[in-house]
1. Hey, can you find the accessible area per residue of the chain for me, probe 1.4 Å, expressed in square angstrom?
2. Rounded to the nearest 20 Debye, what is the dipole magnitude of the chain about its Cα centre when Lys and Arg each give +1 and Asp and Glu each give -1 at the C-beta?
3. Using a 1.4 angstrom probe on heavy atoms only, work out the carbon and sulfur share of the accessible area of the chain in %.
4. Can you pull the one-decimal nm distance between simple spin-label points at GLU64 and SER4, each 7 Å off the Cα toward Cβ?
5. In degrees from 0 to 90, rounded to the nearest 10, what is the angle of the helix 3-55 Cα long axis to the longest principal axis of the chain?
6. Take the chain, connect every pair of alpha-carbon atoms lying under 10 Å apart with a spring to form a Gaussian network, then pick out the residue of GLN32, GLN13, GLN22 with the largest mean-square fluctuation.
7. Mind checking which of ALA40, HIS68, ALA52 is farthest towards the positive end of the chain's charge dipole, using Cβ charges of +1 (Lys, Arg) and -1 (Asp, Glu) about the Cα centre?
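The values are calculated or read from the model by the stated rules, or taken from the named source; none is laboratory data. Keep in mind it's a predicted model, so treat the numbers as computed, not measured. As a convention, Cβ positions derive from the backbone with ideal geometry for all residues, glycine included, and neighbour counts pool all protein chains shown. With ligands, DNA and RNA removed, areas are computed over all heavy atoms of the protein, side chains included. Shrake-Rupley method; radii C 1.70, N 1.55, O 1.52, S 1.80 Å.
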Amino acid sequence: MNDSKRLEDLESQLAYLERGNQELGDVVYRQQQALDALAARVERLAEQLRAAMEQGPEHSAADEKPPHY
């Protein structure tokens, strides 16, 4: 195998690896965006839950219907 063919093969492999690296970077970026969005949503839901728990029950025992016999 001559040096020019070997160099060409190495350049081809490098280009392939650079492309794969870029694609993986894009995937990681999109996953991080999704994780950030989910973390923000979980935090909003936790705040809603805390607020609901602080308000107490929306009904009392007097509001409940008696069991049917």
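1. That works out to 102 Å² per residue.
2. 140
3. 56
4. 8.9
5. Once rounded, one gets 10 degrees.
6. In this elastic network of the chain, the residue with the biggest mean-square fluctuation among GLN32, GLN13, GLN22 is GLN13.
7. Of the options given, the answer is HIS68.
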